[in-house]
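Take a look at the structure below.
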Amino acid sequence: MWNKKDVFQGSVAIGLLFSAVAVAGVSETVTERLSPETRQVLVEEMQLLASAMGPLHTAVVTGEHPSVAEQARRIRDSFVLKQKLSAAQKKEIATLPQQFIDADRSFHELAASLAEAGDRQKPALERFYFEEMTRSCQNCHQDFAGGRFPGFAGSSEKEAHGH
C-alpha cells in the first residue's frame with residue numbers, strides 16, 4: 001500500500017527524471033553552437049543531477065545525513081567544467097553565456113554547502129541548501145531552456161516569488 005510519503009517521493013523522482021529528459025537537448029538558444037559531443041556532456045550532467053536529486057531529497061527529509069553528504073558530493077563532482085573535456089570542448093563551453101556558466105558554478109557550490117551540512121548533521125541547513133538547489137534548477141530552466149519547459153513560459157523570477 002502506498003502512503004503519502006511514497007507517492008510524494010515517487011512524484012519528485014519522476015518529475016526530476018522527466019526534467020532531465022526534457023533538457024536532453026538543452027535549450028537550443030544556449031547550446032546550438034555546441035558540437036553533438038559537447039552537448040552530450042551537458043545531457044549526461046543533467047541526467048546525473050536528476051538521478052541524484054530524488055535520493056537526495058529522500059535523505060534530507062528522513063535525516064539520513066551521511067547519504068545527504070554523499071549525494072550532494074556526487075552532484076558537486078558532476079561539475080561539467082571540471083570533467084575531462086578536450087581543449088576544443090573547453091573552447092565550446094566558453095561560448096555559452098556567462099550567466100549560464102555562473103548558474104552552473106553556483107549550483108555546484110550549493111551542492112558543496114549541502115554536503116558540508118550533511119557532514120555536520122544540520123537538518124535546517126540541509127533543507128535550506130536543497131531548496132536553494134531546486135530554485136537554481138528552476139531558474140536555469142526558466143532562463144535558458146524555457147522552450148523545453150512550457151510551465152516556465154512567460155513567467156518571471158518576480159512572479160515565481162509572488163506566493
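Between residue 87 and residue 120, what is the label-to-label distance in nm when each label sits 7 Å out along the Cα-to-Cβ direction? Reported label-point gap for residue 87 and residue 120 is 4.2 nm. The loop-placed trypsin sites (Lys or Arg not before Pro) in region 74-148, going by DSSP, that have at most 14 neighbouring Cβ atoms within 10 Å of their Cβ come out as 84, 120. Were the residues from residue 112 through residue 98 laid out at 0.36 nm apart, the gain over their Cα-Cα distance would be 2.9 nm.
Read the figures in this text as sums done on the coordinates, not as results from a lab. Since this is a predicted model, take the numbers as computed values, not measurements. Note that we place each Cβ from the backbone using ideal geometry, even for glycine, and neighbour counts take in every protein chain shown.
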